[in-house]
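Derivation of every value follows stated rules applied to the coordinates shown; laboratory data play no part. This is a predicted model, so every value here is computed, not measured. For neighbour counting, all protein chains shown are included, and Cβ atoms are generated from backbone atoms with ideal geometry for every residue, glycine included.
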Amino acid sequence: MTRLLASCSLAVALAASTVAPAVAQQQGQLRAPDVIYVPTPPEVVAAMLKAAKVGPGDVVFDLGSGDGRIPIAAVKDFGAARATGIDIDPQRIKEAMANHAASGVGDRVRFLNQDLFTTDISEATVVTLYLLPSLNLKLIPKLKSELKPGTRIVSHAFDMGEWAPEQTLEVEGRRVYMWTIPAR
């Protein structure tokens, strides 16, 4: 039974990967999303922002921001100066904008319908992620070249290969990893 489910999952994933680029073009997307949207549970959001010690001097960038819960929480619950959510999927941006309108955080939070691999993230003091391991690995050079020393990076569920995290937390059966950009 497990083998059958794994085969079905693989078949669905392969079908989605061949159809996704055509769907992205039809919907006016930049390109097909690299991952399916899975929201980060509120307790994990709080643990990520707490691990990064988000506070009033911080500018938070959430790469693959989905419905916007992390940028909104960074400002609303942790007092970040500003937060930016970046997502390639225009549907996620619509959801994030609706959540933003209801949140009361004003102009301290913004959402960009952009590709996280090409967006300038250099003003971030904290970066949050919930991406696949292969995407985290692909992001390492961008993170290390664009971000200032001392910038904190927090990932839900997935590490960054050989770049060892400074902190690993367990939150309700889920992992949270944290790194700091080293001095150059």
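Under 5 Å from the amide H of F78 lies no amide H of any residue 5 or more positions distant or on a separate chain, with H modelled from the backbone and absent for Pro and chain starts. Charge tally for S122 (other residues, Cβ to Cβ under 9 Å; Lys, Arg +1; Asp, Glu -1): -2. Once you have a ≥ b ≥ c as the square roots of the Cα gyration tensor eigenvalues for segment 42-180, tell me rounded if a/c is under 1.5, and otherwise prolate or oblate according to whether a/b is larger than b/c. Rounded, because the longest to shortest axis ratio a/c is under 1.5. For V35, no residue has an amide H sitting under 5 Å from its own, ignoring neighbours fewer than 5 places away on the same chain, with H placed 1.01 Å from N. Within segment 133-184, the proportion of Cα pairs with more than 14 Å between them is 50 percent. Phi angles across segment 162-176 convert, under the Karplus curve 6.51 cos²θ - 1.76 cosθ + 1.60 with θ = phi - 60°, into 3J(HN,Hα) values of 6, 7, 5, x, 7, 9, 10, 10, 10, 10, 6, x, 10, 9, 10 Hz, Gly and Pro given as x.
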